[in-house]
Amino acid sequence: MNLTQRPEWTSLKNHLETMSHLQIADLFEADPDRGTNLTAESAGIYLDYSKNRISVETLKLLFGLADALELRQKISAMFSGEPLNNTENRSVLHTALRAPVGSEIFVDGVNVVPAIQAVLERMAKFSDDLRSGRWKGATGSKIAHVVNIGIGGSDLGPHLCYDALRHYSDRSITLHFVSNVDGTDITETLRELNPEETLFIVASKTFTTQETMANARTARDWLVDKVGESAVASHFVAVSTNAAEVSRFGIDTANMFGFWDWVGGRYSVDSAIGLSLMIAIGEKLFRDFLAGFHAMDRHFQSSRWDQNLPVLLGLIGLWNNNFLGAESVAILPYDQYLNLFPAYLQQLDMESNGKSVTKSGERVSYQTGPIVWGQPGTNGQHAFYQLIHQGTKLIPCDFIAFSQSLNPCGLHHDLLMSNFFAQTEALAFGKSHEELQLEGCNPELIPHRTFTGNRPTNSILIEKLTPFSLGALIALYEHKVFTQGVIWGINSFDQWGVELGKVLASRITPELESINEPELKHDSSTNTLIKRYRQQKQT
Ligand code: G6Q
């Protein structure tokens, strides 16, 4: 049955009529304890969702929709390894990567947990050797720089987490991340480095991704040029599912860390793709990181909907998206260490739920995944928050903060946090014409200084940024995305849009490289652009 024809959907549509007359301020007036009633907590994450345009009835109807679409059964199906990724006929089992030792999770009749633990142990041994200096470069130097070469899911996860957990990292080893095929990325990175002290991790699930392979070849040439061919063995390792390509590249498969086709790129930071992170923070903290994910997994699997953080975030997001008409979601972490979190969630959410056909291939007649964007507070306050407060668009926001600073200095943390609290308050309650009049505001300025309020936000407050809490936070969003994908009936685990880009670029490259003028058979715009590029690059 089409989603919008379901009785649960119709009830929500009818309910919208009632809700559209109510302001967030009215909801708080009706229930003075709303700020404690509409909250939930698990795995150290406290979610206050009270500043949304929802009532208890809205939630009840949303939970009814989730039940009708068998969310509970779909969660079990994911955790038990059913092939939910139907277009690639794959299980979706990133949750197995963080299952405790001794768990049993089967794919095609094989328990995958022992293999996962075996890779983790190899990663731990390697990280430990590198951190202690037992692993040496070709000329006997300790490795001081690790360059992760990967893109998309093979870059964003470790990059985000290295930045986020820098406080816990071994400062004698610096990590670098090269992803863009623009030669500037690798050139500027290598410029600073001493090849004798540098190790490259080529991170690619397929080991055929154009950008990653181009960067890896350039890095290899640089190393060979400076230290010699024999240095490759001790300065290059691979993370991949494709042993044949790894060995063709010239990396000994003894120095390859594997993972499996049931780990999607954007869900892979807990796999060997997290090797660079483990090098930075060590095995113990990496395992704490996995434990944070696992705590959220357990919560997602077993909690009632009204206590279930990912389900609450997912369903409220759906209400904002499909019923209130919001097109985007802003992710606003009040923590500099989470600088890359909006970009990470952009991939997680937009690649997963940026789909317009259902799992069975029918075109959807409703909105699916939102545009995800944002940057850390308070910087954004001095840039784009103006539009969130007073623009014509409805932009629901997730505000994320930690009660304890990892770098306490003077008043900084209280200043930061006062902004965190003030923003959600202002967005919800605004500032009325009457208030401005009472303050004696110049009447001409009143329309300009009025804030309508009634702008929805979630507040996520965590005691402290740790490997555990970061893991739980990422898993929270993974499962939020899953929840929404289930309701929309789409496959959140394929990415045919990415595959198209991979094919198209490789067709044009020979036309750019060809010495003779190539015969171009594109449209007139693409042909003209290619010709102009060929002329200009020669001058
Ligand atoms: C993620 C996507 C995509 C992928 C990159 C890199 O879910 O599939 O971002 O991670 O295209 O792919 P490789 O790891 O195969 O190089």
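The residues in the range 235-245 that are under 11 Å from residue 203 (Cβ atoms) and either of a type outside the set (Ser, Thr, Tyr) or assigned to a helix (DSSP H, G or I) (or both) can be counted, and the count is 3. Look at the range 328-343: where a residue is under 12 Å from residue 373 (Cα atoms) and a partner is of a type in the set (Val, Ile, Thr), sitting 6+ places away or on another chain with Cβ atoms under 6 Å, you get 328/371; 328/395; 329/372; 330/395; 333/400; 342/331. Considering only residues that are open to solvent by 20 Å² or more (accessible area, probe 1.4 Å) and part of a loop (DSSP other than H, G, I, E, B), which ones fall in the range 88-104? Selection gives 88, 89, 100, 101, 102, 103, 104. Number of residues in the range 474-505 that are of a type in the set (Ser, Thr, Tyr) and in contact with a Leu (Cβ under 7 Å, 6 or more places away or on another chain): the value is 2.
If we keep just the residues of the range 189-209 that are away from the ligand (no atom under 16 Å from the Cβ) and part of a loop (DSSP other than H, G, I, E, B), which is farthest from residue 231 (Cα to Cα)? Full working, then the answer.
Here is the first cut: in the range 189-209, the residues away from the ligand (no atom under 16 Å from the Cβ) are 189-199.
Cutting the leftovers down to part of a loop (DSSP other than H, G, I, E, B) gives us 192-194.
Details: 192: 19, 193: 15, 194: 13 Å.
Step by step, filter the range 189-209, then rank; the result is 192.
Every listed requirement among (1) among the β-branched types (Val, Ile, Thr); (2) within 19 Å of residue 468 (Cβ to Cβ); (3) more than 16 Å from the ligand (Cβ to nearest atom) is met by residue 311 save one, (2).
For the range 136-162, filtering for residues that are within 15 Å of residue 280 (Cα to Cα) and surrounded by fewer than 20 Cβ atoms within 10 Å (Cβ to Cβ) leaves 3.
The range 14-76 holds helices (runs of 4 or more DSSP H) entirely within its bounds, and those carrying 3 or more residues that are under 28 Å from the mean Cα position of the chain (by Cα) map to 56-68. Considering the range 471-514, and only residues there that are assigned to a helix (DSSP H, G or I) and among the charged types (D, E, K, R), the residue that is modelled with the lowest pLDDT turns out to be 502.
Can you tell me which residue among 429, 493 is touching a residue at least 40 places away in the same chain (Cβ under 8 Å) and open to solvent by 40 Å² or more (accessible area, probe 1.4 Å)? Spell out the reasoning first.
On the way: 493 fails: open to solvent by 40 Å² or more (accessible area, probe 1.4 Å).
Residue meeting the stated conditions: 429.
Test of understanding: among 360, 365, which residue is farther than 20 Å from residue 51 by Cβ, among the hydroxyl-bearing types (Ser, Thr, Tyr), surrounded by fewer than 16 Cβ atoms within 10 Å (Cβ to Cβ) and touching a helix residue (DSSP H, G or I) at 6+ places or on another chain (Cβ under 7 Å)? Please lay out each step first, then the result.
Values: 360 fails: touching a helix residue (DSSP H, G or I) at 6+ places or on another chain (Cβ under 7 Å).
Answer to the selection: 365.
Here residue 465 clears all of (1) assigned to a helix (DSSP H, G or I); (2) more than 16 Å from the ligand (Cβ to nearest atom); (3) open to solvent by less than 10 Å² (accessible area, probe 1.4 Å) except the condition numbered (1).
Select from the range 165-188 the residues that are part of a loop (DSSP other than H, G, I, E, B), over 17 Å from residue 279 (Cβ atoms) and touching a residue at least 24 places away in the same chain (Cβ under 8 Å) and list them in ascending order. Spell out how you get there, then give the answer.
Step one: list which residues in the range 165-188 are part of a loop (DSSP other than H, G, I, E, B), which gives 165, 169-173, 179-182.
Next cut, over 17 Å from residue 279 (Cβ atoms) only: 179-182.
The answer is 179, 180, 181.
Taken as a whole, the condition of being closer than 28 Å to residue 461 by Cα, of a type in the set (Asp, Glu) and exposed (fewer than 13 other Cβ atoms within 10 Å of the Cβ) does not apply to residue 48.
Hey, any hits in the range 224-242 for a residue that's charged (D, E, K, R) and surrounded by 17 or more Cβ atoms within 10 Å (Cβ to Cβ)?
Kept after step one, since they are charged (D, E, K, R), are these residues of the range 224-242: 225-226, 229.
Cutting the leftovers down to surrounded by 17 or more Cβ atoms within 10 Å (Cβ to Cβ) gives us none.
Looking through the range 224-242, none of the residues is charged (D, E, K, R) and surrounded by 17 or more Cβ atoms within 10 Å (Cβ to Cβ).
For residue 438, the conditions (1) closer than 18 Å to residue 47 by Cα; (2) open to solvent by 40 Å² or more (accessible area, probe 1.4 Å) are fulfilled apart from (1). For residue 480, the stated conditions do not hold, so it cannot be described as touching a residue at least 24 places away in the same chain (Cβ under 8 Å), open to solvent by 70 Å² or more (accessible area, probe 1.4 Å) and within 25 Å of residue 87 (Cα to Cα). Checking each residue in the range 163-180 for being under 18 Å from residue 216 (Cβ atoms), crowded, with 17+ Cβ neighbours inside 10 Å and more than 12 Å from the ligand (Cβ to nearest atom) picks out 175, 176, 177, 178.
For the range 187-217, filtered to residues that are of a type in the set (Ser, Thr, Tyr) and in contact with a strand residue (DSSP E or B) (Cβ under 9 Å, 6 or more places away or on another chain), the residue that is surrounded by the most Cβ atoms within 10 Å (Cβ to Cβ) is 204.
Tallying residues that are among the small types (Gly, Ala, Ser) and more than 30 Å from residue 10 (Cβ to Cβ) within the range 61-106 yields 7.
Go through the range 123-135 residue by residue and tally those that are surrounded by fewer than 16 Cβ atoms within 10 Å (Cβ to Cβ) and either within 16 Å of the ligand (Cβ to nearest atom) or assigned to a helix (DSSP H, G or I) (or both).
So in the range 123-135, the residues surrounded by fewer than 16 Cβ atoms within 10 Å (Cβ to Cβ) come out as 125, 128-129, 132-134.
Cutting the leftovers down to either within 16 Å of the ligand (Cβ to nearest atom) or assigned to a helix (DSSP H, G or I) (or both) gives us 125, 128-129, 132.
The number of residues fulfilling the criteria is 4.
From the set of residues in the range 515-533 that are outside any helix (DSSP H, G or I) and open to solvent by less than 50 Å² (accessible area, probe 1.4 Å), which is farthest from residue 317 (Cα to Cα)? Steps first, please.
Kept after step one, since they are outside any helix (DSSP H, G or I), are these residues of the range 515-533: 515-523.
Next cut, open to solvent by less than 50 Å² (accessible area, probe 1.4 Å) only: 518, 520.
Values: 518: 49, 520: 46 Å.
Ranking the candidates gives 518 first.
Just so you know, in the range 248-275 the residues that are assigned to a loop (DSSP other than H, G, I, E, B) and free of Cβ contacts under 8 Å to residues at least 60 places away in the same chain include one that is nearest to the ligand (Cβ to nearest atom), and it is 251.
When each of 395, 460 is tested for being under 30 Å from residue 369 (Cα atoms), β-branched (Val, Ile, Thr) and touching an Asp or Glu at 6+ places or on another chain (Cβ under 7 Å), the lone residue that passes is 460.
The values are calculated or read from the model by the stated rules, or taken from the named source; none is laboratory data. Remember, it's a predicted structure, so these values are computed and weren't measured experimentally. Positions of Cβ are backbone-derived with ideal geometry, glycine not excepted, and every protein chain shown enters the neighbour counts. Ligands, DNA and RNA are excluded from the accessible area calculation, which covers all protein heavy atoms including side chains. Shrake-Rupley method; radii C 1.70, N 1.55, O 1.52, S 1.80 Å.
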